[in-house]
Ligand code: GUN
Ligand code: FE
């Protein structure tokens, strides 16, 4: 008979920090977290005194136990609900222009390079490694229109071990000659991409990579293509992602293209693209009825504050979204956002919320929730990831604030709470000592080695 001990692959003993709700961060001191061989959280015991650890292991061998120091703690991995893999190649550049001009000048020329699958393989390795290194254990990726490059992105994500939604981008209008598809090739290649990911996942009962239907935005896709994509999403029961109400010129142009829809959000709804598996990035300039439609359809929002500052799009009203009980997660939106780090997204979200309204600005518990559980809800994966509830898969960061060149200084007066808050606001990838996805430690190619004192 299989015993409990034999079903366990690893046990962590020490400080565990996660969101129990949007209002509450739970700080588990002297916690014992048991991970099973499937990568799931089998058991969580709180407040185990040092001298009681051995007796609490239920026969699990000592070599499977990782004892954390007082400089280390474990948190759930971050969830990036919106990031563009090809745009990492110009991350940090080009913030002088607003959205539509930025797309024409910087984005489309760079994305066109991904028609070369070899080039894609090289560049996507860097995008994914950088995202993982920053603690993003789950990401919703936009690739480009190119089928070969999209497959390479899936291969690399599989190799590096991230959990991901990967979208082949669709564009059949208002796009440059060097980055455009016909309706027919767009639908055909999207289907081929979905079939490819299905094949990669054959025999895997808990695959990490899922295809996601990805019309770039309504401006780039005509009504016929949007309709076909809505049908594909329904046929394969797939999630959907796009951009919505990011910039005022974008909204004006969209409404001129789709005069039969009452507002921008309805354009997607009218084409079968707005449901509980939809993730809409930005939502900066939403009318109340558009937010209400998002809620009615149970669609999620990826809040990309860093990008919204850089491209001068504006500041989304996250408080209003939360008051309406709409699902919200954080997105880096590289390269609209200059940082592939969800910690930076969290900080920009806080700044945006304070700049909007000091009285209702987001507090630490809310920000951490958005970066973890909120993202899981937006991906419709809250039963699987987001915090350390028993039965969920173990996607996590082992944080260490005493690494070489650590940006975080800890003093004797620090509590577990202030130690953690310093990581959120001062820490960076140097502090992400180990990263786990589905219970497995991610091996980061070329990652800086963390040194303990
Ligand atoms: N809208 C359409 N495409 C894009 C993109 O690549 N980035 C951002 N931020 N908005 C978009
Ligand atoms: Fe984007």
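Results for (1) closer than 13 Å to residue 129 by Cα; (2) modelled with pLDDT under 95; (3) more than 18 Å from the chain's Cα centre (by Cα), shown as yes or no for each residue.
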residue	(1), (2), (3)
426	no, no, yes
438	no, no, no
442	yes, no, no
446	yes, yes, yes
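Tally time: how many residues in segment 268-299 are assigned to a loop (DSSP other than H, G, I, E, B), within 16 Å of ligand 1 (Cβ to nearest atom) and touching a strand residue (DSSP E or B) at 6+ places or on another chain (Cβ under 7 Å)?
Selection size over segment 268-299: 2.
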Discussion item. Considering only segment 189-203, I want to know if a residue exists there that is within 16 Å of ligand 1 (Cβ to nearest atom) and either surrounded by 24 or more Cβ atoms within 10 Å (Cβ to Cβ) or closer than 20 Å to residue 114 by Cα (or both).
Written reply: no
Discussion item. Give all pairs with beta carbons closer than 7 Å in which a residue from segment 300-324 that is more than 17 Å from residue 97 (Cα to Cα) and in a helix (DSSP H, G or I) meets a residue that is at pLDDT 95 or above and within 13 Å of ligand 1 (Cβ to nearest atom); count only pairs at least 6 apart in sequence or on separate chains.
Written reply: 318/303
Worksheet item: Restricting attention to segment 112-127, which residues are farther than 13 Å from residue 147 by Cα and buried (at least 18 other Cβ atoms within 10 Å of the Cβ)?
Response: 123, 124, 125, 127
Item to complete: Quick one: which strands (runs of 3 or more DSSP E) lie wholly within segment 1-99 and hold at least 1 residues that are in contact with a strand residue (DSSP E or B) (Cβ under 8 Å, 6 or more places away or on another chain) and more than 25 Å from residue 128 (Cβ to Cβ)?
Response: 8-21, 24-36, 41-45, 65-67, 72-76
Item to complete: Give 310, 263 a once-over and let me know the one that is over 25 Å from residue 173 (Cα atoms) and either in contact with a helix residue (DSSP H, G or I) (Cβ under 7 Å, 6 or more places away or on another chain) or within 16 Å of ligand 2 (Cβ to nearest atom) (or both).
Response: 310
Discussion item. I'm trying to understand the selection: among the residues of segment 222-241, which are within 15 Å of ligand 2 (Cβ to nearest atom) and in contact with a helix residue (DSSP H, G or I) (Cβ under 9 Å, 6 or more places away or on another chain)?
Written reply: 240
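Residues are listed down the side, and each one gets a yes or a no for (1) in contact (Cβ under 8 Å) with a residue 40 or more places away in the chain; (2) surrounded by fewer than 23 Cβ atoms within 10 Å (Cβ to Cβ); (3) at negative phi:
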residue	(1), (2), (3)
349	yes, no, yes
357	no, yes, yes
360	yes, yes, yes
368	yes, no, yes
Worksheet item: Which ones in segment 100-111 are loosely packed, with under 15 Cβ neighbours inside 10 Å and in contact (Cβ under 8 Å) with a residue 24 or more places away in the chain?
Response: 104, 109
Worksheet entry | Index of the failed condition, residue 234 passing every other in (1) away from ligand 1 (no atom under 16 Å from the Cβ); (2) in contact with a strand residue (DSSP E or B) (Cβ under 8 Å, 6 or more places away or on another chain); (3) not in a loop (DSSP other than H, G, I, E, B) | (2)
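Residues checked against (1) in a helix (DSSP H, G or I); (2) within 16 Å of ligand 1 (Cβ to nearest atom):
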| position | (1), (2) |
| --- | --- |
| 328 | no, no |
| 344 | yes, yes |
| 347 | yes, no |
| 350 | yes, no |
| 354 | yes, no |
| 359 | yes, no |
| 365 | yes, no |
Practice prompt. Go through 244, 274 for me and flag whichever is closer than 17 Å to residue 212 by Cα, at pLDDT 95 or above and within 16 Å of ligand 2 (Cβ to nearest atom).
Written response: 244
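The values are calculated or read from the model by the stated rules, or taken from the named source; none is laboratory data. Only a predicted model underlies this, so the values are computations on that prediction, with no experimental measurement involved. So basically every Cβ, Gly included, is an ideal-geometry build from the backbone, and we count neighbours across all protein chains shown.
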